[in-house]
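Below you'll find the structure, written out as structure tokens, and then a few comments.
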Amino acid sequence: MKKLLGVMIFLLSYLFVFPAWSMMEPDRLVDKTVQEVLDIIGKDDKIGEDKERMLDLIENKILPHFNFTRMTSLAMGKHWSSAAPEQKNVLVEEFKTLLVRTYSNALTTYRDETVKVNPIRDLGNKADATVRTIVHQGGGKQPVPIDYSMEKGSDGWKVYDVTVAGVSLVTNYRGSFNSQIRKGGIDGLIKVLSDKNRSLEGK
């Protein structure tokens, strides 16, 4: 799951390179980005050789197109409203860092996956949409569905959740977040996230 999620997050990274795409409808935006990036990373043999280069690429290309505040609030669930503003800011930064460091290694193993993006029917004036994709793997493996929950703001469409084979990223983290909050409160969760990020930093 981490590998596929890492690849799909990376595929959205090139939205930053093509700012005019940001006002496209979400399915067209994802499809155009996927096809462009698949071609690029398929030809770039050095993309996984330099960890700092990979992290820099993710931080500069991907992050502008994810709504990490909403992702964090959804992962926190009912506890989000009880967090102080400063705690919320720290939680968003720590969660963002965790996702970047956890999935950056997955990108180095990308090789032969292809992606089909399903068109959205009757989007109309909706400001919230799910872009459904299918990742076709090599080696006779089963295709994997990956869905992007996206919302439209003044600066275009942004992702606030990713669902891999029916498993929501936000929901998956909500369980562990709730467990940590029960043990040590919100500050306890912040410490756990911070410690985890420090442990991942050297890997």
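The values are calculated or read from the model by the stated rules, or taken from the named source; none is laboratory data. Remember, it's a predicted structure, so these values are computed and weren't measured experimentally. In this analysis, Cβ positions are derived from the backbone assuming ideal geometry, glycine residues included, and neighbour counts consider all displayed protein chains. Ligands, DNA and RNA are stripped out before the accessible areas are found, and what is left, the full protein with its side chains, is counted by its heavy atoms. Shrake-Rupley method; radii C 1.70, N 1.55, O 1.52, S 1.80 Å.
Observations on the structure shown:
- Normalising the Debye intensity of the range 121-203 to I(0), with uniform scatterers on Cα atoms only, and taking log10 at q = 0.19, 0.25 Å⁻¹ returns -0.98, -1.07.
- Heavy-atom accessible area, probed at 1.4 angstrom with all protein chains present, ranks Glu52, Glu93 as Glu52, Glu93, highest first.
- Gln35-Glu93 pseudo-label distance in nm [points 7 Å out on the Cα-to-Cβ vector]: 4.1 nm
- Inter-probe distance in nm under a simple model that places probes 7 Å from Cα toward Cβ, at Lys141 and Ser81: 4.1 nm
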